[in-house]
Amino acid sequence: MIDQPADPSNAPKSSQPHIVLVRPQMGENIGAAARAMLNFTLSKMRIVEPRDGWPNPKAVAMASGAAGRVLDHAGVFDSVAEAVADCDFVFATTARGRELPKPIYTPETAMIEAHRRIQAGQKVAVLFGPERTGLENDDIIRANAIITIPTNPEFFSLNLGQAVLLTSYEYSRHVLEAEDIAEGLAGHEPASAGDVEAWGDHIEGRLEEAGFFYPPEKAPMMKRNMRNMWTRFAMTRSEVQTLHGALRQLLRGKG
């Protein structure tokens with residue numbers, strides 16, 4: 001892991017969304033994404049498991065000048081879970097994941113929502129998948145909502161740089177137009193992705209011990225469905241702490 005804050009949960013809130021490139025395959029596409037971001041004033045990039053390692057000279061060459069500073073400050077992470085651990089709300093850009101029940105946004109409505117949440121003090125991330133396959137379901141379950149880009153059904157493939165550019169443009173275009181809306185949590189701090197991940201680990205481990213995931217061939221699907229459910233609930237930090245406490249008490253009473 002490179003350039004990650006020692007404790008992401010203590011990092012300051014950002015005034016813009018974090019663009020997270022998941023397992024990008026070509027340095028040129030990382031550089032193109034950096035250029036697209038800076039075209040529309042975004043600079044917060046995170047990279048998960050770049051195929052060709054990091055730093056990547058082809059990415060620097062493609063970034064061409066000023067956009068190189070986006071790459072200079074990019075954080076590199078070993079997993080999606082680590083990359084979004086300090087984020088309060090996560091979007092996944094994908095044409096897949098329809099079998100995972102989540103709110104689905106267009107880029108325009110997603111970036112209005114991102115701005116609203118950022119203005120309310122939340123940290124927002126947008127996941128972009130690898131060029132050849134896109135995000136996998138195991139990535140998408142860590143998101144709270146999906147962004148699907150309306151494209152020609154007969155030619156729907158966008159390269160990484162194009163997808164990042166479109167999303168960055170929508171954020172820049174609406175950042176001054178979106179009206180502030182009260183968060184509606186009555187002052188309660190939303191659970192970060194790291195909080196939700198820790199709760200998922202906790203209950204999954206206890207259910208594993210109890211033999212809940214049966215038969216074995218259905219276990220991966222059952223676990224994905226549960227992880228997806230927790231991110232969809234948009235819980236507060238205190239609610240997650242309550243769930244941890246309730247589960248501990250149930251196990252203590254059983255013992």
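The values are calculated or read from the model by the stated rules, or taken from the named source; none is laboratory data. Fair warning: this is a prediction, and the values are worked out from it, not measured in the lab. Neighbour counts run over all protein chains shown; Cβ positions are idealised from the backbone, glycine included.
Some points to look at:
- The set of residues in region 42-61 being assigned to a loop (DSSP other than H, G, I, E, B) and more than 13 Å from PHE77 (Cα to Cα) consists of LEU42, SER43, LYS44, ASP52, ASN56.
- Test: residue in region 81-100 that is within 22 Å of TYR171 (Cα to Cα) and without any contact (Cβ under 8 Å) to a residue 12 or more places away in the chain: no
- Selected residue (only one of PRO130, PRO101 is more than 26 Å from TRP199 (Cβ to Cβ) and out of contact with any helix residue (DSSP H, G or I) (no Cβ under 6 Å at 6 or more places or on another chain)): PRO130
- Those residues of region 19-76 which are more than 21 Å from PRO107 (Cβ to Cβ), polar (S, T, N, Q) and without any contact (Cβ under 8 Å) to a residue 60 or more places away in the chain, in sequence order: ASN56, SER64
- The set of residues from region 90-121 being of a type in the set (S, T, N, Q) and crowded, with 19+ Cβ neighbours inside 10 Å comprises THR93, THR94.
- Check on ALA143, within 18 Å of ASN228 (Cβ to Cβ), surrounded by 24 or more Cβ atoms within 10 Å (Cβ to Cβ) and touching a His at 6+ places or on another chain (Cβ under 8 Å): no
Yes/no per residue for (1) in a loop (DSSP other than H, G, I, E, B); (2) at pLDDT 90 or above; (3) not polar (S, T, N, Q):
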position: GLN122; (1), (2), (3): yes, yes, no
position: LEU127; (1), (2), (3): no, yes, yes
position: ASP139; (1), (2), (3): no, yes, yes
position: ILE149; (1), (2), (3): yes, no, yes
position: SER157; (1), (2), (3): yes, no, no
position: GLN162; (1), (2), (3): no, yes, no
position: SER168; (1), (2), (3): no, yes, no
position: SER172; (1), (2), (3): no, yes, no
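- Taken across region 15-33, residues that are out of contact with any Pro (no Cβ under 6 Å at 6 or more places or on another chain), buried (at least 17 other Cβ atoms within 10 Å of the Cβ), modelled with pLDDT under 95 and part of a loop (DSSP other than H, G, I, E, B) do occur, with at least one present.
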